[in-house]
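S.K.: Quick one: the structure is below, and I'll ask about it shortly.
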Amino acid sequence: MTTKTSEDSTTPAATDAVRGAGDRRTQAFKVLVGAVEALASRLSRWPTASEVRLEIKRQTYGGFDSSGLGYKRFRDFLVDASDRGYIEVDTERSGDFAISVPIGRQDAAEAERPVRPDLWKAFVDWTPDLLRFYDLQNDQAVMIPEKPAPFEPERFRVFRDRLKSEPEAFVPIKVIAVHEQLTWMKRFAADVSDPGLRKLLDAAFENEKPVKSFLTVLRAAAPDQLQRWYGVLRQEVRRVIEQWRKSSEKLHDVSINRQSSAPDESVGEKQAVRVTGPRSPEAESAIFEIVASVLRPSVIASRLRVDEVAAPLRNGGSADSADLRARVHAAIDKMSVTELRALRLPVGYLFD
């Protein structure tokens with residue numbers, strides 16, 4: 001009979017304790033990085049160790065304690081975080097040493113942050129005939145109609161007067177054009193692994209309103225891909241705004257990030273419900289109907305072969321051609337006069 005030693009009996013518990021401590025430390029390191037970045041944004045310089053310690057206390061409502069993570073001193077916690085690549089410590093600085101975040105970690109964190117609502121709207125809103133400027137004095141993006149109108153708000157008149165008297169206080173903003181955002185969408189669609197979804201997205205791009213059709217297809221057929229698209233959109237818009245900020249020395253101190261207390265308007269959509277598992281035939285049919293209500297029937301017909309459209313009838317519906325004829329008639333009823341004229345039919349069908 002084998003007798004367990006005291007070390008053997010405590011190994012599982014010890015392992016759990018070590019794993020738990022590791023998880024808490026990882027979370028603490030992330031809080032540390034967030035505190036350093038928040039202070040650097042406010043102070044326009046890298047903060048000192050004492051400033052970071054106070055910021056962490058503030059962010060955790062006084063709950064952070066480095067000794068509870070196994071460190072004798074807060075400095076030991078910082079040294080460990082530095083060794084693991086979370087931060088960089090400038091020990092050569094006189095007095096209290098400074099703390100910074102490595103460039104690679106900064107770039108990754110920045111790409112995930114929501115953009116300020118005023119900047120997002122100024123760059124993404126396609127409303128025509130608007131003046132778009134960054135007001136350096138008031139630290140905000142401003143959009144007003146290009147042409148004055150009777151009884152327009154007083155703030156518009158004040159802005160126009162300031163624009164004439166002190167033009168150096170404003171930096172122009174150029175809206176991201178529709179064709180550029182469509183390029184992002186097409187690049188996204190090309191990376192979609194599901195061939196069926198890619199086919200629907202390709203059809204959406206030929207619609208009269210391709211952006212709306214693209215979003216409708218994702219919302220109806222692949223909500224998880226819709227969320228992935230929003231992440232891509234956020235990164236692309238941030239990249240454009242970063243280029244704009246670097247274009248003028250006046251903008252170097254402008255913050256792009258949304259403040260934690262501000263509403264998140266960078267996406268403008270509610271979180272979609274994640275769909276997992278295979279869709280039922282009923283769900284597939286519903287998706288087709290939703291997409292068909294947005295995409296032009298002629299575009300769908302050119303992208304999907306008749307036998308693909310009729311497949312649900314063969315696999316679960318009536319084999320009678322009357323059902324297929326009924327669907328074709330319903331599609332024709334939705335067509336515009338222009339689309340009807342584009343149909344190719346034998347001339348004899350037009351006469352009794």
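Computed from the coordinates by the stated procedures, all read-outs in this text should not be read as laboratory data. The structure displayed is predicted, hence computed values, not measured ones. Cβ: placed from backbone, ideal geometry, glycine included. Neighbour counts: every protein chain shown.
S.K.: Using the alpha-carbon centroid of each, what span in Å lies between segment 208-259 and segment 137-189?
M.R.: With segment 208-259 and segment 137-189 each reduced to a Cα centre, they are spaced 18 Å.
S.K.: Could you line up I99, I56, I176 from fewest to most neighbouring Cβ atoms inside 10 Å?
M.R.: On the way: I99 27, I56 22, I176 18.
Ascending Cβ contact count within 10 Å gives the list I176, I56, I99.
S.K.: Neighbouring Cβ atoms within 10 Å as the yardstick, rank D90, D80 fewest first.
M.R.: D90, D80
S.K.: Let me ask something additional. Is there a quick way to get the dipole size of segment 117-172? I mean about its Cα centre, with the Cβ of Lys and Arg at +1 and of Asp and Glu at -1; what is the value in debye to the nearest 20?
M.R.: Values: 8 positive and 11 negative charges, 26 e Å.
Magnitude of the dipole: close to 120 debye.
S.K.: If you only keep lysine pairs separated by 8 or more in sequence, or across chains, how many in segment 146-243 come under 25 Å at the Cα atoms?
M.R.: 11
S.K.: Would you please classify the overall shape of segment 117-172 from the alpha carbon gyration tensor, given that a ≥ b ≥ c denote the square roots of the eigenvalues, rounded means a/c under 1.5, and beyond that prolate means a/b larger than b/c while oblate covers the rest? Present the calculation step by step, with values, prior to reporting the outcome.
M.R.: Details: a/c = 1.84, a/b = 1.07, b/c = 1.71.
Oblate is the answer for segment 117-172, as a/c is 1.5 or above yet b/c matches or exceeds a/b.
S.K.: Measure of size requested: the Rg and Dmax of segment 135-200, with Cα atoms as the atom set and Å as the unit; please supply both.
M.R.: That works out to 20.0, 57 Å for Rg and Dmax.
S.K.: Turning to a different aspect of this structure: Could you list S66, S100 in order of exposure, starting from the residue whose Cβ has the fewest other Cβ atoms within 10 Å?
M.R.: If I rank by nearby Cβ atoms, fewest first, I get S100, S66.
S.K.: If Rh is defined by the Kirkwood formula over all Cα pairs and Rg also comes from Cα, what ratio Rg/Rh do you get for segment 122-263?
M.R.: Details: Rg = 18.7 Å, Rh = 17.6 Å.
Taking Rh as the inverse mean 1/r over Cα pairs, Rg/Rh reads 1.06.
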